[in-house]
Every structure is written in structure tokens, then in C-alpha cells.
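To start, the structure under review is shown below, and the notes come after it.
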Amino acid sequence: MNFVILTLFPEMFSSWLGSSILKRAIDKGVISIETINIREFAEGRHKTTDDRPYGGGSGMVMKPEPIARAINKAKERYPNAYTISLSPQGRLFKHELAKELLQYRSIILLCGHYEGVDERIHEGWVDEEISIGDYVLTGGEPAAMVVIDAVARFIPGVLGSRDSIKEDSFTNGLLEYAQYTRPRSFGRAEVPEVLLSGNHCRISRWRRENSLIRTILKRPDLLANVSLSKEDIDFLRKVNQSINAIILRAQRELEQ
Ligand code: ADE
């Protein structure tokens, strides 16, 4: 899969590309990531890439022509590339969208700056806008890194072992179970006994139940889209009964 980043600050990507797991994937030829400096496509002595907004107001707007030329340049190489503009007004980037983007062999990511990008770019030059969250960044560069990182993880050969994806948070709609490594005792905190048992059936049941509980506590909103097995329902019933018993006893104590 090929990613082309259109940016005014290509240097922001060098340490990221030079040191991450993605570098290994690039070296193996599993993915390619390149940057195009939008400023190289600006005209005039000053290579101006922004201008004042029509209608007045504060801030500057990125001019459309250098961006359009940069997109054309990327498309010379990847004519069928899917073009994304990183913007706080875009579709919210989640697990499902990361997987959806896997269908494209090449993706162009436009990083906006200042007060934004001339709207005619969004109307005629990009396939969609994507936002990584409900907040405004100073530029789209960190968002481009987030999108590339999350998409690339799904590409076979990027991560060391395919298994690490299977059990990830969000893969089955739940948060991932708690992980432990050596030492067995850390201060007074012990690794749960079941994980030392060597009984894979019990371990896998414990992990599922741990995922369920963590999701209920941390991200209950996710549960609306999870299909629960009979075992899950039995487990949740038992938890519910225990909680109800605790509440009842506490209530009785209060009333005495
Ligand atoms: N550029 C500025 N804010 C952004 C956001 N939240 N997501 C993507 N791109 C952005």
C-alpha cells in the first residue's frame, strides 16, 4: 500500500519514518510512504501558499492552486489513489474506517494548515475529509500519522505477528483484556493465577470476561454493537447478581 503525504512541513515526518515499526515495513517493501512539499508547487518569488480569506476575518487560508498541483503530481504516480483531506470537519476516524481504507492500493493525505484549505479543494479535488477527533490541531500532519499508522497495522507483514491484531481492542468490538508479563509479583500486585495455569481454555474464558468487564467500565458505549454468546450472558448475569447483593447489603446497613 502506498501513502503520499501532501504537506508544508515534510520534515515533521522524518523522525517518525526513521524509527517506527513502519520503517521496518517500508524497508521490507510492504508499504511506501512519501511526502510532497506543497510549497514546491507555489508560484512567485515568495512561493506563497496562503492568502487572506475573502469576506474578511482573521487567519489565512491555504491557496487552492499549489494544492491542486501537488495532488496532480501524486496522481501522476498513483492515478487511482484515494485522496483524503485531514480536517476537523471530516468523518470521524475509527477502527472501522481504518479497515475500510485498506481497500485502496494508494492513498493521498492532504495536511491543511492555518484557518483551513480553500473550499474548492474539498469540493473538487478530494474524495473525503477525515477527522481524528473533535478538537482542532494546528495542522493535519499529526492526523496523517495517526491514519497511516492505524491503517498500516492491518496490512500483513507490518506487525511482527498477525495474532497481535486478532486480539486487539475494537477487533471484536470490545476493549482488549489486561496483559501481564514478568515479574510474577510486582510490589503487592500479583499476576492473575489463571494466566499461570497453562489451561488455554480457562485463559481464553478469563480474557473474554476481562474484556467484557473492562469495556463495561471504560467504554460502555461500545457494547451496543457487540454480539454476546450464551457464556457471556451467563457471566454478566453472575456479575450482576453479585453487584445487586452488594448493593442490597450496603442499603440495609445504611438503613439500620
Ligand atoms: N486538522 C486540524 N484538526 C484536525 C482533526 N481533528 N483531525 C484531522 N485533521 C485536523
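Coordinate-derived values only; no laboratory data. Nothing here was measured: the structure is a model prediction, and the numbers come from that model. Glycine gets a Cβ as well: all are built from the backbone with ideal geometry, and neighbour counts include every protein chain shown.
Quick notes on this structure:
- In loop segments of the range 28-127 as defined by DSSP, the trypsin sites (Lys or Arg not before Pro) with at most 14 further C-beta atoms inside 10 Å of their C-beta are 45, 47, 94, 105.
- Rg/Rg_globular for the range 2-152, with Rg_globular taken as 2.2 N^0.38 Å and Rg from C-alpha atoms: 1.01
- Where chymotrypsin sites (Phe, Trp or Tyr not before Pro) fall in DSSP loop in the range 113-144, at most 11 other Cβ within 10 Å: 135
- Counting charges near residue 124 (Lys, Arg +1; Asp, Glu -1) among other residues having Cβ under 15 Å from its Cβ returns a value of -3.
- Across the chain, C-alpha contacts under 8 Å between residues 6 or more apart give a mean separation that, scaled by the residue count, equals a relative contact order of 17 percent.
- Contact order normalised by residue count of the range 140-256, Cα under 8 Å, 6+ apart, percent: 21
- Normalised radius of gyration (Cα atoms, divided by 2.2 N^0.38 Å) for the chain: 1.35.
- For the listed peptides 6-13, 231-238, a ranking on the average number of other beta carbons within 10 Å per residue, highest first, reads 6-13, 231-238.
- Rounded to the nearest 500, the 222 nm mean residue ellipticity of the chain from helices alone is -12000 deg cm²/dmol, with -39,500 (n - 2.57) taken per DSSP H run of at least 4 residues.
- Euclidean distance between Cα centres, the range 147-187 to the range 33-86, Å: 36
- Nearest 10 degrees, 0 to 90: helix 230-255 Cα axis against the chain principal axis: 70
- Rg and Dmax [Cα atoms of the range 185-255; Å; Rg one decimal, Dmax integer]: 15.5, 47
- Highest-fluctuation residue, 38, 84, 213 considered, GNM on the chain with Cα pairs under 10 Å: 213
- Cα long-axis angle, helix 200-218 against the chain (0 to 90 degrees, to the nearest 10): 70
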